[in-house]
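The values are calculated or read from the model by the stated rules, or taken from the named source; none is laboratory data. From a predicted model like this one, the values you see are computed outputs, not experimental measurements. Positions of Cβ are backbone-derived with ideal geometry, glycine not excepted, and every protein chain shown enters the neighbour counts. Areas reflect the complete protein model, heavy atoms only, side chains present, ligands, DNA and RNA absent. Shrake-Rupley method; radii C 1.70, N 1.55, O 1.52, S 1.80 Å.
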Amino acid sequence: MPQSLARLHIHLIFGTKNRERLITDSIRDALHAYMATVLQNIGCAPVRINSVKDHVHLLFDLARTVSVSKAVEDIKKSSSKWIKTQGSEFARFAWQSGYGAFAVSESNVGAVCTYIENQREHHRQKSFQDEYRQFLERHRIAYDEQYVWD
C-alpha cells in the first residue's frame, strides 16, 4: 500500500500538580484555546477540550506522525509556560507529571464529547481521583496507587 492513513482519537486526561485548584473561570476558555492551538501546530486536530479546577480532558485526533508522548509533552509544557504569564496567582502553576491517554472508537466520539462537555456537572458528585481510577479500570490498565498521584 503506497499511502499511509490513520485516524486515531485520543482522550487525554491530566491534572494539576498536587491537584491544586488553579484552573479558574478567568483563565479556562483561554487555556482551552491555547491547548487547541498547540495541538493544531503539531498536526493533531482538537475535537473537544474542557477542564475543571484541578484537571483537564482533551479529545483530539492524533496525527499519523506524532506519538502520544510527544503530543502530551508539547501540550503540557507549552500550556504550563503560558499559564504562568497570566498573572501572579499562576506563578507556581504546574501539571502533574503523569497522564492518562485512552483510545476512542469512531462510534464513541460523540459520547466522549458529551462526557467532556459535562465535566462540572460530573464532578459535583465524583472526585478527579475516583473518575481517573474508573478510567484505568475500564481500560484494564494496571496501576499502583502510590505512583498515580503527585
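General remarks:
- Members of region 116-125 found to be surrounded by 11 or more Cβ atoms within 10 Å (Cβ to Cβ) and either more than 17 Å from the chain's Cα centre (by Cα) or free of Cβ contacts under 8 Å to residues at least 24 places away in the same chain (or both), listed by number: Asn118, His122
- Among the residues of this structure, Ala6 does not count as one that is closer than 28 Å to Ser107 by Cα and free of Cβ contacts under 8 Å to residues at least 40 places away in the same chain.
- Screening Glu106 with (1) touching a strand residue (DSSP E or B) at 6+ places or on another chain (Cβ under 8 Å); (2) exposed (fewer than 14 other Cβ atoms within 10 Å of the Cβ); (3) free of Cβ contacts under 8 Å to residues at least 40 places away in the same chain gives one miss only, at (3).
Residue-by-condition table, conditions (1) in contact (Cβ under 8 Å) with a residue 40 or more places away in the chain; (2) open to solvent by 10 Å² or more (accessible area, probe 1.4 Å); (3) of a type in the set (A, V, I, L, M, F, W, C); (4) closer than 21 Å to Thr85 by Cβ:
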position: Ala30; (1), (2), (3), (4): yes, yes, yes, yes
position: Ala36; (1), (2), (3), (4): no, yes, yes, yes
position: Leu39; (1), (2), (3), (4): no, no, yes, yes
position: Asn50; (1), (2), (3), (4): yes, yes, no, no
position: Val56; (1), (2), (3), (4): yes, no, yes, yes
position: Ala63; (1), (2), (3), (4): no, yes, yes, no
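- Enumeration of residues in region 63-89 that are farther than 24 Å from Val148 by Cα and not basic (Lys, Arg): Ala63, Thr65, Val66, Trp82, Thr85, Gln86, Gly87, Ser88, Glu89
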